[in-house]
Amino acid sequence: MEEFFQQLTNGLAVGGIYALIALGYTMVYGVLKLINFAHGDLFTYGAYLGLTLLTSLALTDRLGFVAGVLVLALMVMGLVAVLGAILERAAYRPLRESPRLSAVVSALGASIFLQNTLMLIYGARFQVYPDHILPAATLNIFGLYLPLMRVLIVLASVVMMVALYLFIQKTKIGTAIRAAAIDQGAARLMGIDVNRVIMLVFLVGPALGGAAGLMVGLYYGQINFTMGWVYGMKAFTAAILGGIGNIPGAMVGGLLLGVIEALGAAYISIAWKDAIAFCVLILILIVRPTGLLGERVADKV
Amino acid sequence: MSRANLLVTGLCAALLAVAPLFLNAYQVDVLNSIGLYALLALGLNLILGEAGLFNMGHAAFYAMGAYTTAILNTRYQIPVLWTLPLSAAVAGAFALAVARPVVHLRGDYLLIVTIGVGEIVRIALVNDVFGITGGANGIFGISRPTLFGVVIRQPQQFFYLIWGFVALTIFLFLRLKRSRFGRALNYLREDETAAEGSGINTDYYKLAAFGLGAAWAGMAGTLFAAKMTIISPESFSFWESVVLFMIVILGGAGSIPGVLLAAFLVIGLPELFREFASARMLVFGLVMMVMMVFRPQGLWPSRGGQVSLALLGKALKR
């Protein structure tokens, strides 16, 4: 019971991180039908920028833990968002009218470029977040011990997901994003500036991904310039699991994948952890070909 | 093929054929790698380029072939080249079994499933599945291949083995492309519903493309195992699948000369960039982006392919 609880909460924390990254994939896919393979690397930039800002500005020493981390998160999100917008402008906009797979290769090229830029700046070795910054406190809930960090990660990812959901569903700009996702041409006729919507999606998605990168840094303490591939692949899996293009789907898919992975690693085999996630994905797609919450689209004639 | 085309092709082939006489062992080895990737990419081109099925897990089939050869050779002392048909059969059968339940998935869903299959295979190899794959260390001590009584061990000898196989593949795939089968695959890529409406058994052709492309990857795996004499799971990572995917799209999906050209660029360029040392992959990524931005239809699109790819893009955007 104790172990199940630990694995479940750990899975939720990791799943929250997956969900945040998956949202970036799914939003871009929704509007552009493009798999942004460089998204995982934007996530890595979040982790590295977080580390640099944390050590160079000593925010947590000056402002205390809560305010310091909040300011840090906002700075990281802002910077990664700008990076995402630049990426869209440089690598994707020129390919808007081209065959879809060309944009995929451009995205892969961008991913390699971003990854190696980080390697040249920071070196190939693992970078370590300073550990005295984190509160190592543990909560005691009815005899079950829970690291505070884990609770904060879950809480932060849920808050961001809810905020995004409300933004997409309740605001005018969110409505424009949804309209552009359904039919770009019609949205343009309704007076929506589709280019601005796309730019916005490339600001919001990477911002969430950057926040996820910071969380991984704070949670695990170790980051590497290649980790974007692994997390990106997992998050993409999560987005597909929930039904790509579907925002609540990415949230559900991320949390589900995190929990499945954690429980699979604990009760089946840790060596097969990554394979279990993919097996579940394949089984779900066999039963539901467009993911859990994906719309059932018949092929248009 | 026009006379000028024939002349240029012949000239290139002749130049390549005498290249090992003037190059050092390292340079020939690079050419051998290019040949292996060309073989793999030609197989993937059937699936991704001709039939339009997004496959980003081609390394799994490559691994199947390499491990089939390695296991049969080290355990049962079967000569390496005799395992070629077996590797093809194992990889092909595996591809059919995997693709059968998922082949009807829409583009991007198929993409992630093939990525997943590639990862599952790699993890299975690392975890020494059935106790025969040697785990993370892989299998070593694969014997050298013999052809007509000659033991092949020099890079120059491998060059002729590999590129001979590439030449044979090009000949066969060109024939296939112009056959009823090839036309059916193209039709399938352009408009699946219309293809089905005109009596093409889409599931059959999709599976056939998968099986054939995978069988070719399996045979490339045999050649790889023979060349290296040691194989381990890290040679069949997600990265390999990504590189092959890039070769096919960069060359111009469905174009055999394009795929060959892209294999030279994608595998050869990083070798030329060696002087940039650690920055070479950065340059590589940048070049990839720039090439796609300036030639979105690929470097050497197949004839008529420009029109059809534009149509494909529109159809997918709807």
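Throughout, read-outs are computed from the coordinates displayed, never taken from laboratory work. Because the structure is a prediction, the values reported are computed rather than measured. Using ideal geometry, Cβ is built from the backbone for each residue, glycine included, and neighbour counts are taken over all protein chains shown.
What helices does chain A hold that run 24 Å or longer along their axis, going by alpha-carbon atoms, with a Kyte-Doolittle average of -1.0 or more, using DSSP H for the helix calls? Result, helices passing both filters: A:2-32, A:39-57, A:65-87, A:100-122, A:148-170, A:194-220, A:247-267. With just the Cα atoms defining each centre, how far is segment A:106-122 from segment A:152-174? Give it in Å. Taking the Cα centre of each part, segment A:106-122 and segment A:152-174 sit 29 Å apart.
Given +1 at the Cβ of Lys and Arg, -1 at the Cβ of Asp and Glu and no other charges, the dipole of the protein assembly as shown around its Cα centre is 1420 debye to the nearest 20. Among B:HIS104, B:HIS58, a tally of other beta-carbon atoms within 10 Å of each Cβ gives an order, fewest to most, of B:HIS104, B:HIS58. For A:GLN222, the residues 5 or more places off, or on other chains, whose built amide H falls under 5 Å of its own are A:TYR129.
When the Gaussian network model of chain B links Cα atoms closer than 10 Å, the mean-square fluctuations of B:LEU23, B:LEU86, B:LEU42 top out at B:LEU23. Using only the C-alpha atoms, the convex hull of the protein assembly as shown corresponds to 162 Å³ per residue. Counted by neighbouring Cβ atoms within 10 Å, the residues B:MET219, A:MET199, A:MET160 run from fewest to most as A:MET199, A:MET160, B:MET219. Estimated from the Cβ-Cβ distance and a Förster radius of 22 angstrom, the FRET efficiency linking B:ARG295 and A:ALA90 is about 0.85. By the equivalent-ellipsoid construction on the alpha carbon gyration tensor, segment A:2-287 comes out with semi-axes of 30, 22, 19 Å, ordered largest to smallest. Springs between alpha-carbon atoms under 10 Å, Gaussian network over chain B: tell me which of B:ILE200, B:ILE34, B:ILE162 tops the mean-square fluctuations. Maximum among the listed residues: B:ILE200. In this entry, segment B:30-237 is assigned a mean projected area of 11.4 nm², taken as a quarter of its C-alpha convex hull surface.
Quick check: Cα centre of segment A:188-245 to Cα centre of segment B:205-282, how many Å? A separation of 28 Å, based on Cα centres. Using the Cβ of A:ILE86 as centre and a radius below 15 Å, the other residues enclosed give a net charge of 0, where K and R count +1 and D and E count -1.
Looking at this model, which pairs from A:LYS33/B:LYS177; A:LYS234/B:LYS227; A:LYS273/B:LYS177; A:LYS33/B:LYS206; A:LYS234/B:LYS177 are more than 32 angstrom apart at the alpha-carbon?
Details: A:LYS33/B:LYS177 29 Å; A:LYS234/B:LYS227 34 Å; A:LYS273/B:LYS177 41 Å; A:LYS33/B:LYS206 23 Å; A:LYS234/B:LYS177 37 Å.
Cα-Cα > 32 Å for A:LYS234/B:LYS227; A:LYS273/B:LYS177; A:LYS234/B:LYS177; rest within.
To the nearest 20 debye, what is the magnitude of the charge dipole of chain B about its Cα centre, counting +1 on the Cβ of each Lys and Arg and -1 on the Cβ of each Asp and Glu?
640 debye
Put in order of Cβ neighbour count within 10 Å, fewest first, the listed residues B:SER237, A:SER102, A:SER269, A:SER157 become A:SER269, B:SER237, A:SER102, A:SER157.
Taking Lys and Arg as +1 and Asp and Glu as -1, the other residues whose beta-carbon sits under 14 Å from that of B:ILE142 total +4.
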